[in-house]
Structure formats: C-alpha cells, structure tokens
C-alpha cells in the first residue's frame with residue numbers, strides 16, 4: 001500500500017502524490033516535459049533507459065511497465081552509447097571514467113550529453129521517490 005494517500009490533482013499516481021502541492025506538481029511536470037522534449041533520443045531508447053533504472057530503483061510502480069528489452073540489435077551506435085553510459089552509471093554511480101565521456105563525445109554534442117545525464121538523474125530521482133513512499137503498480 002502506498003504510504004501517502006493520493007491527491008485528486010494529477011493524471012498518474014505519481015503526479016497525484018506530487019499533487020498535494022500544486023506548485024510542486026506543475027514545476028515537476030514542466031521539468032519532466034522539458035527534459036523529455038530536448039533529449040534527442042528515440043522514444044524506444046528513452047523507455048529502455050527508464051526501464052533499466054526502474055529495475056534498480058525498487059519502485060513497484062516504476063517497474064510495472066516491464067523489464068528492459070535486453071536485445072541491443074535494434075539500436076544505432078548513438079543509442080547504444082547512451083544505453084551503455086546508463087549501464088555504467090548504474091554500476092559505478094558518479095565514478096564514471098573519463099574515457100566513457102570520450103565515447104559519448106564521439107556520437108553526441110555537449111547538449112545531448114547534458115540532456116542524457118539530466119534524464120538519468122531526474123528519472124532516478126522520481127523512481128527513488130516512488131520507492132520511498134511505496135508507490136504501487138496499477139493495472
């Protein structure tokens with residue numbers, strides 16, 4: 001059971017938790033939209049990264065949309081590098097070797113790298129929030 005009752009504001013259970021403070025909900029939603037709109041990655045890659053992070057987060061709600069695909073055959077070199085960076089981050093946290101950033105620079109601009117990192121961090125934050133309040137999966 002979710003530890004905090006859902007508010008009536010918000011479209012998803014996650015947003016309904018944030019809806020206890022309307023300003024927080026609006027700002028959080030705006031930030032999420034800004035990051036996703038400027039990510040420069042295909043939706044399938046964004047979803048793969050979200051699922052990867054979800055299965056490490058402990059958030060039942062976040063994991064309920066499925067496991068990561070696992071097969072990398074469908075991704076291009078830029079997408080594979082983004083997924084690989086995420087895998088290294090999940091293992092090493094902030095101790096990412098400099099050479100990995102050089103790999104990112106082979107296929108991404110500064111803006112794209114910043115947006116990838118922002119997406120990873122923001123998504124992880126949301127998922128840890130969901131885990132902390134025991135946000136449950138919905139049908």
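What follows is calculated from the coordinates using simple rules that are stated; it is not laboratory data. In this text, all values refer to a predicted model and were calculated from it rather than measured experimentally. All Cβ positions, glycine included, derive from the backbone under ideal geometry; neighbour counts span all protein chains shown.
Between 96, 120, 35, find the one with the highest GNM mean-square fluctuation for the chain; connect C-alpha pairs within less than 10 Å.
Top of the fluctuation ranking is 96.
Taking a virtual spin label 7 Å from the Cα of residue 34 along the C-beta vector, which residues in the stretch 40-60 bring their backbone nitrogen under 17 Å of it?
40
What does the extension gain come out to for residue 42 and residue 95, with contour length at 0.36 nm per residue minus their alpha carbon separation?
Details: separation 53, 0.36 × 53 = 19.08 nm, distance 2.68 nm.
Extra length available between residue 42 and residue 95 comes to 16.4 nm.
What FRET efficiency do you get for residue 27 and residue 69 if R0 is 22 Å and r is their Cβ-Cβ distance, rounded to the nearest 0.05?
Efficiency, rounded to the nearest 0.05: 0.10.
Could you work out how far helix 43-57 tilts from the main Cα principal axis of the chain, as a 0 to 90 degree angle to the nearest 10?
In the chain, helix 43-57 runs at an angle near 70 degrees to the longest axis.
Distance from the Cα centre of the stretch 95-139 to that of the stretch 23-56, in angstrom?
Cα centroid of the stretch 95-139 versus Cα centroid of the stretch 23-56: 9 Å apart.
Given the options 58, 70, 19, which has the most mean-square fluctuation in a GNM of the chain, springs set between C-alpha atoms less than 10 angstrom apart?
Looking only at 58, 70, 19, the biggest GNM fluctuation is shown by 70.
Name the residue, out of 25, 116, 53, whose mean-square fluctuation peaks in a Gaussian network model built on the chain with Cα pairs under 10 Å.
Among 25, 116, 53, the largest GNM mean-square fluctuation belongs to 25.
Relative to the longest principal Cα axis of the chain, at what angle does helix 77-92 sit, 0 to 90 degrees, rounded to 10?
60 degrees
Can you put 98, 110 in order of Cβ neighbours within 10 angstrom, beginning with the fewest? Present the calculation step by step, with values, prior to reporting the outcome.
Working: 98 6, 110 9.
Neighbour counts put them in this order, fewest first: 98, 110.
Angle, helix 110-132 long axis vs. longest principal axis of the chain, Cα atoms, 0 to 90°, nearest 10?
40 degrees
Based on alpha-carbon positions alone, could you give the equivalent ellipsoid semi-axes of the chain from the gyration tensor, as √(5λ), descending, whole Å?
Result for the chain: semi-axes of 28, 16, 13 Å.
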